[in-house]
1. Show the residues, 5+ positions off or on another chain, whose built amide H is closer than 5 Å to the amide H of L89.
2. Explain nothing, just compute: Karplus ³J(HN,Hα) = 6.51 cos²θ - 1.76 cosθ + 1.60, θ = phi - 60°, for every residue of the stretch 51-57 in order, whole Hz, x for Gly and Pro.
3. Under 5 Å between amide hydrogens, which residues at least 5 positions from E124 or on another chain qualify, with H placed 1.01 Å from N in the peptide plane?
4. What are the ³J(HN,Hα) couplings of the stretch 113-130, residue after residue, when phi is run through the Karplus curve with 6.51, -1.76, 1.60 and θ = phi - 60°? Round to Hz, x for glycine and proline.
Amino acid sequence: VALDVTGSAVVTGSLTVTGGTFIGDGSTLTNLQRPITSSATNFSASAANAGYYFRTGGNVTCSIGLNATQSIAVGTEYEFFQTASAGNLLFVTQSGVTLNSKDANKKLAGQFSAATLKKIGTDEFDLIGDLG
């Protein structure tokens, strides 16, 4: 069954959206969680780990590739939290990828620092958080 709504709609009961986008203020959404994963080795931002909450060690790199080599939907988010006291989680981009962050910082500031990475365009990402 396909549903195309223009204007407002009220849904009671349950709603499943496959391959679509929820648009709204989210005020009625509850119990949303990000899957938690741990990484002590380098990894890439990818469609397979989209939406994950990464608990990482230090001296770990998150690679961000071009859309042509790593297709990720615009709007995709990743969260990061560094657990190690030594080293930093570092974000590196493939040539042609734009990473927007305050003062062009590309690493977490240290232990217990956190950040969010969000894809905002074809080859453009915003990095927001406790960066150094």
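A short reminder: the numbers here are calculations on the coordinates, not readings from a lab. These figures come from a predicted structure and were not determined experimentally.
1. Excluding prolines and chain starts, which carry no amide H, the hits are N59, V60, L108.
2. Karplus values, whole Hz, x for Gly and Pro: x, 7, 9, 9, 9, 10, x.
3. T98
4. For the stretch 113-130, the Karplus curve yields 8, 9, 7, 10, 10, 10, 7, 10, x, 3, 10, 9, 10, 9, 10, 10, x, 8 Hz.
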